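Visitor: Below is a structure I'd like to ask you about.
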Amino acid sequence: MSDTRFSTRIIDAEYSKPDPHGALSLPVYRGAAFEFANSEAIAAAFRGETGQHTYSRISNPSVANFEQKVRAASGAESVVALSSGMAAIADTFFAIASAGDNIVASPHLFGNTFSFFKSTLAPFGVEVRFVDAADLGQIDAAVDGRTCAFFAELITNPHLEVPDLPAISKVVRAKNVPLIVDTTIVPWCAFDARKAGVDVEIVSTTKYVSGGATSTGGVIVDHGTHDWSGNRRLAPMPEPAKGISRLTARLRSEIVRNLGTVMTPDTAAMQSLGLETLQVRYERMSASAASLARTFDSHPRVAGVGYPGLDTSPYKAISDALFAGDPGAMFTITLGSKAECYRFMDALRVFRRATNLFDNRSLVIHPSSTIYCTFTPEMKREAGIEDNLVRLSVGLEDVEDLRADIEAALEAL
Ligand SMILES: Cc1ncc(COP(=O)(O)O)c(C=O)c1O
């Protein structure tokens, strides 16, 4: 089906039939365990020789079906589905990092990712080296023989910076270091990670994929482009089967089952459905976000609007080069102070005050006092978190109602 286009490819990426009842969508396999006719059959399944499912913490038909659909969406070699975006980030680094290794990254990261690198991984002897992702010389100087990955976010949240991934990829690949990117903010229908030089994508499927905040989930999308034989943790493994990298093999044979970070079958079923409507939702939401960002960029009560699609954005050129169409459904508004942000948020009637992105409903949040509330002022400075900024996620409501809502809330200031 590779000659068909995005939405067709996802809808056609069906489970292996026949179903005894001819069900059009895969029924949800909720059970924990699977039965075998005899001892040799269960032993062969445990040895991974038959591809059969044994226990749902290890693999499950509903989850495998979702992974197959994500493969169709992303064009990746292999996909591992997990319980959340953070589980996908944590499992990736538990699979590739050893004590003494470092990760090179921009400090402009989603709050829990920043905290995972600085607080959770550090006691295991893994260092994070923060660099300015716009400075290729700094990246080159920071990467050394113990760098297990360069990590970036596709559009940083909430700063809305777009790193030049093809250029970064050239620098790090020259040193045999993989480029791992959190691509949550622009989905596969509008961004081709492999073409941009990304080796592994990490996605919080809680966002666009879940189909309206139905569930939390995450995926590790392995494009099979990095040779992991130089990685200390993965090098000693036996050569994996053809068509699966050492990273994915390690995740499946050890990390996910030991940490228990697996996606549930119900979530997989909901998110498989979400994937089928991803492109239409994304195109509508991002067109509305672009329209609103343009309207309010020049509003007299607004100090600034952050959106990479704006002509005034320093990231417009790279955004146009990387993304098809408008660059996503998130934008930010900078006001005069934290108090003004609160007054603006409390005056909104259509936007809901909630911490998520890309729900069917439009959402608003003050990142500094919520997602980053445990950060010290120094950590906020390092992570680039400002007190006078609100983040908006644009949903599926009529764009004119959203425009009127923001306009009225600004007037109320
Ligand atoms: C860019 C980005 N990455 C990762 C995450 C974490 O995803 P999850 O909440 O599914 O663990 C988020 C959550 O907001 C996010 O915005």
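Visitor: Run through all the Cα pairs of the stretch 172-214 and give the fraction in each 10 Å bin from 0, expressed as whole percent.
Guide: Going out from 0 Å in 10 Å bins, the stretch 172-214 shows 27, 47, 21, 5, 0 percent.
Visitor: Determine the principal axes of the Cα atoms in the stretch 176-277, then give the extent along each, sorted from largest to smallest and rounded to whole angstroms.
Guide: The Cα atoms of the stretch 176-277 stretch 42, 32, 20 Å along the principal axes, largest first.
Visitor: Hey, which of these cross-link pairs are over 24 Å Cα-Cα: Lys175/Lys207; Lys207/Lys338; Lys170/Lys380; Lys69/Lys242?
Guide: Among Lys175/Lys207; Lys207/Lys338; Lys170/Lys380; Lys69/Lys242, the Cα-Cα distance tops 24 Å for Lys175/Lys207; Lys207/Lys338; Lys170/Lys380.
Visitor: Calculate, for the stretch 1-113, the solvent-accessible area per residue in square angstrom, rolling a 1.4 angstrom probe over the heavy atoms of the protein chains.
Guide: 49 Å²
Visitor: Of all accessible surface on the chain at a 1.4 Å probe, what whole percent is carbon and sulfur?
Guide: Using a 1.4 Å probe with all protein chains present, the chain comes out at 52 percent carbon and sulfur.
Visitor: What accessible area per residue comes out for the stretch 170-287, rounded to a whole number of Å², with a 1.4 Å probe?
Guide: That works out to 38 Å² for each residue.
Visitor: Restricting to Cα pairs below 8 Å that are 6+ residues apart, what does the relative contact order work out to for the stretch 198-262? Please round to a whole percent.
Guide: 24 percent
Visitor: Express the relative contact order of the chain as a whole percentage, based on alpha carbon pairs under 8 Å and six or more residues apart in sequence.
Guide: Averaging sequence separation for qualifying contacts and normalising by length gives 16 percent for the chain.
Visitor: Starting with the highest mean, order 333-343, 228-238, 245-255 by the number of other Cβ atoms within 10 Å, averaged over the residues of each peptide.
Guide: Packing proxy ranking, top to bottom: 245-255, 333-343, 228-238.
Visitor: Provide the per residue accessible area, probe 1.4 Å, for the stretch 346-413, rounded to a whole number of square angstrom.
Guide: Value for the stretch 346-413: 45 Å² per residue.
Visitor: Any idea what angle helix 85-96 forms with the longest principal axis of the chain, computed on alpha-carbon atoms, 0 to 90 degrees, nearest 10?
Guide: Taking Cα atoms only, the helix is inclined about 50 degrees.
Visitor: Another one. What is the Cα radius of gyration of the stretch 51-200 over 2.2 N^0.38 Å, N being its residue count?
Guide: Expressed relative to 2.2 N^0.38 Å, the Cα Rg reads 1.07.
Visitor: So, one more: Taking every pair of alpha-carbon atoms in the stretch 26-74, what share in percent sits in each 10 Å bin, from 0 to the bin with the longest distance?
Guide: 25, 47, 24, 3
Visitor: Next question, about the same structure. Place the peptides 46-52, 122-128, 148-154, 363-369 in order of packing, highest mean first, counting for every residue the other Cβ atoms within 10 Å and averaging per peptide.
Guide: 148-154, 363-369, 122-128, 46-52
Visitor: May I ask what percent, to the nearest 5, of DSSP beta bridges between residues of the chain are antiparallel?
Guide: That works out to approximately 60 percent antiparallel.
Visitor: Kirkwood-based Rg over Rh for the stretch 1-114 (C-alpha set), two decimals?
Guide: Expressed as Rg/Rh, it is 1.05.
Visitor: Here's a follow-up. Which log10 I(q)/I(0) values, to two decimals, does the chain give at q = 0.06, 0.10, 0.14 Å⁻¹ under the Debye formula with one point per Cα?
Guide: Normalising to I(0) and taking log10 leaves -0.25, -0.69, -1.30.
Visitor: Here is a follow-up. If the chain between Lys175 and Ala404 were fully stretched, how many nm would it gain, using 0.36 nm times the residue separation less the Cα-Cα distance?
Guide: 77.3 nm
Visitor: Moving on. Could you check the spin-label model distance between Ala347 and Ala43? Points 7 Å from the Cα along Cα→Cβ, value in nm.
Guide: 7.4 nm
Visitor: Here is a follow-up. Among rounded, prolate and oblate, which fits the stretch 117-187 when a ≥ b ≥ c are the square roots of the eigenvalues of its C-alpha gyration tensor, a/c under 1.5 means rounded, and a/b larger than b/c means prolate?
Guide: Here the stretch 117-187 falls in the oblate category.
The values are calculated or read from the model by the stated rules, or taken from the named source; none is laboratory data. Since the structure is predicted, the reported quantities are computational estimates derived from the model, not experimental observations. In this analysis, Cβ positions are derived from the backbone assuming ideal geometry, glycine residues included, and neighbour counts consider all displayed protein chains. Protein only, heavy atoms only, side chains kept; ligands, DNA and RNA dropped before computing areas. Shrake-Rupley method; radii C 1.70, N 1.55, O 1.52, S 1.80 Å.
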